[in-house]
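Heads up: the structure comes next, in structure tokens.
The values are calculated or read from the model by the stated rules, or taken from the named source; none is laboratory data. Treat the numbers as computed from the prediction; the structure is a model and nothing was measured. Positions of Cβ are backbone-derived with ideal geometry, glycine not excepted, and every protein chain shown enters the neighbour counts.
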Amino acid sequence: MNINDCKHILIVRLSSLGDVLLTTPLIRSLKKRYPLLQIDFLVRAEYAGLLKFNPNLFSLHLFTKNDEENKKLKIKLIEVKYDFVIDLQNNLRSKLFLNSLSGKCFSFNKKRFEKVLLVHTKINLLKEAAPIPVRYAETIPDFQLDAEGLDLFLPENIFAKITKMQNVIGLCPGARHFTKQWQKENFIALGNILTGKGFSVALFGGKSDKELCEDISGKITGSINLSTDDDILQLAKDMQQCKAIVCNDSGLMHAACAVQTPVVAIYGSTVREFGFTPHGCKNVILENNSLTCRPCSHIGRKECPLKHFRCMVELTPQQAFESIIKVLKA
């Protein structure tokens with residue numbers, strides 16, 4: 001059986017924010033090419049909002065932290081008898097959960113060897129590697145994406161706290177790992193450059209970023225803190241109203257892309273070859289290409305292994321401002 005003969009498939013990507021959003025071109029492209037195909041999706045419950053309103057999905061199944069609930073869910077999925085299972089997570093947890101399901105399983109090629117080789121030896125076999133959404137699609141034999149970007153469908157009952165008329169530039173200072181975070185002082189300096197040039201500034205982040213966003217907002221004249229307790233739909237609605245978003249290599253970068261807001265993405269310890277670049281929206285990537293120590297990780301580290309952190313320290317607020325002007329003119 002090939003994809004042309006399928007009636008019901010399951011796509012699996014349990015986490016995280018950006019990785020789940022990067023699956024949406026595949027969902028849309030499958031539904032466009034095969035309108036009668038029923039597409040189910042398995043995701044961790046905390047990321048359900050990213051897909052809850054996606055009209056291209058038939059059913060959304062939630063993986064939780066409760067083992068008993070997950071056992072019941074597995075029995076339910078076994079009973080569906082899927083034609084295909086597309087495992088875009090491809091780790092031990094997803095393999096163990098899916099091992100009893102019917103249907104041929106296709107697993108995403110994470111290019112683990114190539115990533116390790118680039119990080120530890122700087123031998124780069126990923127120069128020609130496609131962006132992650134394209135590689136997700138390559139998991140299915142003889143299938144290609146359409147030319148559109150990411151999707152994040154927002155319900156009509158969510159209202160933005162800002163408007164496009166306010167000339168807002170959004171700043172997203174958070175990231176899960178230290179070496180993916182541009183310094184707080186640089187975001188503050190950039191914010192004050194922006195307000196001095198007539199822009200308004202809004203800070204965005206989730207629960208783990210709220211204190212950081214509040215601190216930065218308090219030091220930028222007239223700025224507003226729009227961080228939430230991980231309410232991604234509210235964040236996305238507000239980001240949609242911004243002229244541009246300045247962010248680290250993080251999940252909120254992909255959220256901004258999904259609502260078609262231009263992005264300035266600041267890369268430190270990671271590099272674009274890993275495939276997690278802004279997809280389908282206007283963007284500028286700001287990075288320090290003079291260093292031979294990059295990348296030092298494919299996901300980020302808790303500290304710079306060489307203690308100088310030049311990949312971020314040497315990226316200046318003025319460079320970021322010039323990148324904003326560039327992306328606004330694109």
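Data for the structure
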quantity	calculated
Residues of region 16-57 that turn out to be more than 18 Å from the chain's Cα centre (by Cα), over 20 Å from CYS281 (Cβ atoms) and in a helix (DSSP H, G or I), as a count	3
Given (1) of a type in the set (Val, Ile, Thr); (2) out of contact with any helix residue (DSSP H, G or I) (no Cβ under 7 Å at 6 or more places or on another chain); (3) farther than 18 Å from GLY268 by Cα, number of the condition ILE158 does not satisfy	(2)
Residue that is touching a Pro at 6+ places or on another chain (Cβ under 7 Å), closer than 24 Å to LEU51 by Cβ, of a type outside the set (Val, Ile, Thr) and not assigned by TED's automatic domain parsing to the domain that holds ASN124, where the choices are ALA244, ALA255, ALA265	ALA265
Residue count for region 312-330, restricted to those that are closer than 15 Å to CYS247 by Cα and touching a Ser or Thr at 6+ places or on another chain (Cβ under 9 Å)	1
Sole residue being crowded, with 21+ Cβ neighbours inside 10 Å and assigned to a loop (DSSP other than H, G, I, E, B), chosen from HIS254, HIS298	HIS298
Region 112-139 - residue that is assigned to a helix (DSSP H, G or I) and in contact with a His (Cβ under 7 Å, 6 or more places away or on another chain) and, of those, nearest to LEU291 (Cα to Cα)	VAL119
Among the candidates THR270, THR221, residue that is in the same structural domain as LEU315 (by TED's automatic domain parsing), surrounded by fewer than 24 Cβ atoms within 10 Å (Cβ to Cβ) and in a loop (DSSP other than H, G, I, E, B)	THR221
Those residues of region 192-227 which are of a type outside the set (Ser, Thr, Tyr) and under 16 Å from ALA160 (Cα atoms), in sequence order	VAL201, ALA202, LEU203, PHE204, GLY205, ILE224, ASN225, LEU226
Matching option when the condition is outside any helix (DSSP H, G or I) and buried (at least 19 other Cβ atoms within 10 Å of the Cβ), among CYS281, CYS311, CYS304	CYS281
Members of region 192-208 found to be touching a helix residue (DSSP H, G or I) at 6+ places or on another chain (Cβ under 9 Å) and either under 29 Å from PRO305 (Cα atoms) or not in a helix (DSSP H, G or I) (or both), listed by number	LYS197, PHE199, SER200, VAL201, ALA202, LEU203, PHE204, GLY205, GLY206
Qualifying residue in region 129-143 (condition: assigned by TED's automatic domain parsing to the domain that holds LEU50, of a type in the set (A, V, I, L, M) and out of contact with any Phe, Trp or Tyr (no Cβ under 9 Å at 6 or more places or on another chain))	yes
Pair list, Cβ < 9 Å and 6+ apart or interchain, from region 232-255 residues that are within 16 Å of ASP209 (Cα to Cα) to residues that are aromatic (Phe, Trp, Tyr) and assigned to a strand (DSSP E or B)	ASN248/TYR267; ASP249/TYR267
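Table: residues versus (1) buried (at least 21 other Cβ atoms within 10 Å of the Cβ); (2) over 24 Å from ASP230 (Cα atoms).
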residue	(1), (2)
ASN2	no, yes
LYS7	no, yes
LEU22	yes, no
LEU50	yes, no
SER59	no, no
GLU79	no, yes
